[in-house]
Amino acid sequence: MINESLTSYCQRLFNLILAMEITKQQDVKVPLEVGANEAMQMILSVRANSGIVMVIGNGGSAAIASHMQNDLSKAVGVRSLVFHEPSLLTALANDD
């Protein structure tokens, strides 16, 4: 990968995106466009109804969840929460 050209890297990334599968309830697979559109409609519905989107990530995905929460709040105007604040996690782990 170190000697891989930028064009080759971008092509591999593009192919990975095209190969993504969106799975709904009961393990029903839908095309990427359908899943992305449904997710967008749900988020816009949450905004229209003054709801809150809860974004969850584990490990490195927690950083992605945090970034997504920032984007939802700032760019989309959707109230959103993340659940990986250290004080909250240690309190939950400590208080049985």
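Calculated from DSSP H runs of 4 or more alone, at -39500 (n - 2.57) each and per residue, what is the 222 nm mean residue ellipticity of the chain, nearest 500?
-17000 deg cm²/dmol
Could you size up the charge dipole of the chain around its Cα centre, putting +1 on the beta carbon of Lys and Arg and -1 on that of Asp and Glu, and report it in debye to the nearest 20?
About 320 debye.
Mind checking the full-extension length gain between ILE17 and ASP71? Use 0.36 nm per residue of separation minus the Cα-Cα distance, one decimal, nm.
Extra length from ILE17 to ASP71 when fully extended: 17.4 nm.
Return the label of the correct value of Cα extents along the principal axes in Å, as calculated from the structure shown, out of (i) 73, 35, 18; (ii) 46, 30, 27; (iii) 49, 35, 32.
For Cα extents along the principal axes in Å, the calculated option is (iii).
Rounded to the nearest 20 Debye, what is the dipole magnitude of region 3-48 about its Cα centre when Lys and Arg each give +1 and Asp and Glu each give -1 at the C-beta?
That gives region 3-48 a dipole magnitude of about 100 debye.
FYI, it's all coordinate maths here, none of it is from the lab. Given the structure is predicted, the values throughout are model-derived calculations rather than measurements. We place every Cβ from the backbone using ideal geometry, glycine too, and count neighbours over all the protein chains shown.
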